[in-house]
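Down below is the structure, laid out as structure tokens.
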Amino acid sequence: MPAALNSTELLERLIAFDTQSFRSNLALVGFVQDYLAAYGVACRLVHDDDGGKANLWAVIGPADVPGIILSGHTDVVPVEGQAWTGDPFRARIENGRLYGRGAADMKGFLASVLALVPELVQARLAKSAILAFSYDEEVGCKGVPRLIDALLAELPRPEACLVGEPTLLRLIDGHKAKAGYRCTVTGRAAHSALPQLGANAVIAAAQTIAEVAAMGARFAAEGPFAHGFVPPHHTAGVGRIEGGSQLNIIPDRCSFEFEFRTLPAQDPLRFVAALQAFATERVLPGLHATAPEASITFEEVLAYPGLPPAADTGFARLCRELTGTPAPAKVSFGTEGGCFAARGIPALVCGPGDIAVAHKPDEWIALEQLGGCDQLLRRLLHAALI
């Protein structure tokens, strides 16, 4: 067997692969393939439609017994426009921190999982450890559904899934669902001195955006509410808008992107439908008064399910004990855990690093957190699988 690499060494290598979500992850996947093959572990790949990206999964231990999934994503968010003080894809260690894009979100967890492989292949496992590394999590959990399909087609339904998003190694058992959409308003251009000849797409978009804000205010005032979430209710927001060309031309086009984040038991798509109905019934008639050809369309940008608190299984109890978390927390950001739970695989979220530094310039992970994840996974898998 090759000389073992520790999690810090593995993380340095993983960060060196530029897996921004608009790029291919195949070089990183190839590295992981070769690494696992050196320990006699075979991998399966599940590609996207273009073949430029791939999910990777591998089984260590008996494949005919329900196992435990260790889940993480390989992609990272873009660095363009961020004020990094060094190369984002060259890890550097300073004052007990390892800096680099993906250090916290979430190549640190992948490194800890890979560092444990030499021990797993030598152990007598009663249950399998299932490594599941996805693509395109950062753009809406787009890769993991295919990965789950492949796992369920070839393996017994796994007992549980641990998603290693950065939680400072605190256990999370619930997160919100999300639907993000793009609304495009098409009106009619005209000289701004003759508004009766045009249909102002920006004003129609503004009316629709005002309804998004009103829905968010109703969520905050009326609920429903759920303890543990911050904020403890659904939220609505608009993150981007673009329209018009110059001041003296009535704009014939405007688009904006909005989102609904809902408590895990609620489907955010029903709020998208409600907004569509508002736009069609309340806004579009005003455009049609002067421009019968006007339209308001909605296009999905991303959507993923929430993670409802899982049943009180033996794996969940073990995770609570080993993390020292009698009452797991809830978060408002999303993970792939909701996708696994939606397919009948109980999921929990726990990983090294701080979500507060994810997606930011000079992203970092404390080496102490990385070492703590190594120890947690070792104790967890030895207790759950042997």
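The values are calculated or read from the model by the stated rules, or taken from the named source; none is laboratory data. Quick caveat: nothing in here was measured; it's all calculated off a predicted structure. As a convention, Cβ positions derive from the backbone with ideal geometry for all residues, glycine included, and neighbour counts pool all protein chains shown. What goes into the accessible areas is simple: the full protein's heavy atoms, side chains included, and nothing from ligands, DNA or RNA. Shrake-Rupley method; radii C 1.70, N 1.55, O 1.52, S 1.80 Å.
One residue stands out in the stretch 113-166 among those that are in contact with a strand residue (DSSP E or B) (Cβ under 9 Å, 6 or more places away or on another chain) and of a type in the set (K, R): the one that is farthest from K178 (Cα to Cα), namely K127.
From R253, R240, which residue is in contact (Cβ under 8 Å) with a residue 12 or more places away in the chain, open to solvent by 30 Å² or more (accessible area, probe 1.4 Å), farther than 30 Å from A327 by Cα and touching a helix residue (DSSP H, G or I) at 6+ places or on another chain (Cβ under 6 Å)?
On the way: R240 fails: touching a helix residue (DSSP H, G or I) at 6+ places or on another chain (Cβ under 6 Å).
Unique residue meeting the criteria: R253.
Counting only residues that are within 20 Å of the chain's Cα centre (by Cα) and small (G, A, S), the stretch 30-87 holds 4 of them. If you check F271 against the conditions, is it touching a Phe, Trp or Tyr at 6+ places or on another chain (Cβ under 7 Å) and at pLDDT 95 or above? Yes, satisfied. Residues that are of a type in the set (G, A, S) and in a strand (DSSP E or B) were ranked within the stretch 71-120; the one that is surrounded by the fewest Cβ atoms within 10 Å (Cβ to Cβ) is G72. Within the stretch 256-299, the residues that satisfy the criterion of being surrounded by 17 or more Cβ atoms within 10 Å (Cβ to Cβ), assigned to a loop (DSSP other than H, G, I, E, B) and either among the hydrophobic types (A, V, I, L, M, F, W, C) or touching a helix residue (DSSP H, G or I) at 6+ places or on another chain (Cβ under 8 Å) (or both) are L263, P264, T290, A291, A294.
Residue-by-condition table, conditions (1) touching a residue at least 24 places away in the same chain (Cβ under 8 Å); (2) open to solvent by less than 70 Å² (accessible area, probe 1.4 Å); (3) closer than 14 Å to D173 by Cα:
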position: S245; (1), (2), (3): no, no, no
position: V301; (1), (2), (3): yes, yes, no
position: R317; (1), (2), (3): no, no, yes
position: A329; (1), (2), (3): yes, yes, yes
position: G337; (1), (2), (3): yes, yes, yes
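For the stretch 19-44, a residue qualifies if it is open to solvent by less than 60 Å² (accessible area, probe 1.4 Å) and either touching an Asp or Glu at 6+ places or on another chain (Cβ under 8 Å) or in a strand (DSSP E or B) (or both), and the qualifying residues are T19, Q20, S21, N25, C43. Of all residue pairs spaced 6 or more apart or on separate chains, those with beta-carbon atoms under 6 Å, a first member in the stretch 261-278 that is among the hydrophobic types (A, V, I, L, M, F, W, C) and a second member that is modelled with pLDDT of 95 or more and part of a helix (DSSP H, G or I) are F278/E211.
Is it the case, given these coordinates, that G180 is closer than 30 Å to S134 by Cβ and in contact (Cβ under 8 Å) with a residue 24 or more places away in the chain? Yes, satisfied.
Take the residues in the stretch 193-230 that are outside any helix (DSSP H, G or I), open to solvent by 50 Å² or more (accessible area, probe 1.4 Å) and not β-branched (V, I, T), then tell me which one is modelled with the lowest pLDDT.
Start the filter on the stretch 193-230 by keeping residues that are outside any helix (DSSP H, G or I), which leaves 193-194, 198-200, 223-230.
In the following step, the residues that additionally are open to solvent by 50 Å² or more (accessible area, probe 1.4 Å) were identified as 193-194, 224-225, 227, 230.
From what is left, the residues that are not β-branched (V, I, T) are 193-194, 224-225, 227.
Working: A193: 97, L194: 96, P224: 96, F225: 96, H227: 92.
Residue satisfying both the conditions and the ranking: H227.
Conditions tested, residue by residue: (1) open to solvent by less than 10 Å² (accessible area, probe 1.4 Å); (2) modelled with pLDDT under 95; (3) assigned to a loop (DSSP other than H, G, I, E, B); (4) closer than 19 Å to L14 by Cβ.
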{"residue": "T325", "(1), (2), (3), (4)": "no, yes, yes, no"}
{"residue": "F340", "(1), (2), (3), (4)": "yes, no, no, no"}
{"residue": "P352", "(1), (2), (3), (4)": "yes, no, yes, yes"}
{"residue": "K360", "(1), (2), (3), (4)": "no, no, yes, yes"}
{"residue": "L370", "(1), (2), (3), (4)": "yes, no, no, yes"}
{"residue": "Q375", "(1), (2), (3), (4)": "no, no, no, no"}
{"residue": "L381", "(1), (2), (3), (4)": "yes, yes, no, no"}
